[in-house]
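Peer 1: Below: one structure in C-alpha cells.
The values are calculated or read from the model by the stated rules, or taken from the named source; none is laboratory data. Here the structure is a predicted model, which is why all the values come from computation and not from measurement. Virtual Cβ from ideal backbone geometry, glycine too; neighbours counted across all protein chains shown.
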Amino acid sequence: MAVRAHLLIRGRVQGVWYRGSMENEAERLGVAGWVRNRPDGAVEAEVEGEREAVEALIAWARHGPPAARVTDVEVRWTEPRGERGRFVVR
C-alpha cells in the first residue's frame, strides 16, 4: 500500500549535496517524488511509495549525507497521489 509524506529538513542541509544524495537514496529504495532547496535554508521533499521504503527514506533524511548536519525533520503524512517513477531534484 502506497503512502505519501511531506518532509521539511532543517540544519546544515544546503551546499552539502543533500538533494543529490536523497535522489540516489530514493531511487535505490524505489520511492517517487521530489526534493528542493527553500529560501530559508531548509530542504523540502514530497515522497511516495511503499510504506517501508518511505519510512526508510525518512530515517535516512534524519542524518543525510556525511557533510550534512540535520537538526530537525518535520514529517506530515498526506494522501497518496499515485505518483510512480523517478525522484527528481527541483
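Peer 1: For E25, all conditions in the list (1) among the charged types (D, E, K, R); (2) touching a residue at least 40 places away in the same chain (Cβ under 8 Å); (3) in contact with a Leu (Cβ under 9 Å, 6 or more places away or on another chain) hold save one; what is the number of the exception?
Peer 2: E25 satisfies every listed condition except (2).
Peer 1: Restricting to segment 46-83, name every residue that is at negative phi and either assigned to a loop (DSSP other than H, G, I, E, B) or of a type in the set (S, T, Y) (or both).
Peer 2: R62, H63, P65, P66, A67, A68, T71, T78, E79, P80, R81, E83, listed by residue number.
Peer 1: Could you say which residue among R4, R38 is in contact (Cβ under 8 Å) with a residue 40 or more places away in the chain, surrounded by fewer than 22 Cβ atoms within 10 Å (Cβ to Cβ) and among the basic types (K, R)?
Peer 2: Step by step, each of R4, R38 is checked, and only R4 is in contact (Cβ under 8 Å) with a residue 40 or more places away in the chain, surrounded by fewer than 22 Cβ atoms within 10 Å (Cβ to Cβ) and among the basic types (K, R).
Peer 1: Just give me the residues in segment 1-47 being touching a strand residue (DSSP E or B) at 6+ places or on another chain (Cβ under 8 Å) and of a type in the set (S, T, Y), in sequence order.
Peer 2: Y18
Peer 1: Test each condition in (1) closer than 13 Å to A2 by Cβ; (2) surrounded by 13 or more Cβ atoms within 10 Å (Cβ to Cβ) for W77 and report the one that comes out false.
Peer 2: (2)
Peer 1: Another one. Select from segment 24-43 the residues that are more than 16 Å from H63 (Cβ to Cβ) and either modelled with pLDDT under 95 or within 10 Å of the chain's Cα centre (by Cα) (or both) and list them in ascending order.
Peer 2: Within segment 24-43, V31, A32, G33, W34, R36 meet the criteria.
Peer 1: In segment 7-45, how many are over 13 Å from R86 (Cβ atoms) and in a strand (DSSP E or B)?
Peer 2: 11
Peer 1: Tell me, yes or no, whether segment 58-73 has at least one residue that is touching a strand residue (DSSP E or B) at 6+ places or on another chain (Cβ under 6 Å) and of a type in the set (F, W, Y).
Peer 2: Looking through segment 58-73, none of the residues is touching a strand residue (DSSP E or B) at 6+ places or on another chain (Cβ under 6 Å) and of a type in the set (F, W, Y).
Peer 1: Please work out which residue is surrounded by the most Cβ atoms within 10 Å (Cβ to Cβ), limiting yourself to segment 48-64 and to residues that are among the charged types (D, E, K, R) and within 18 Å of R19 (Cβ to Cβ).
Peer 2: In this case the residue turns out to be E48.
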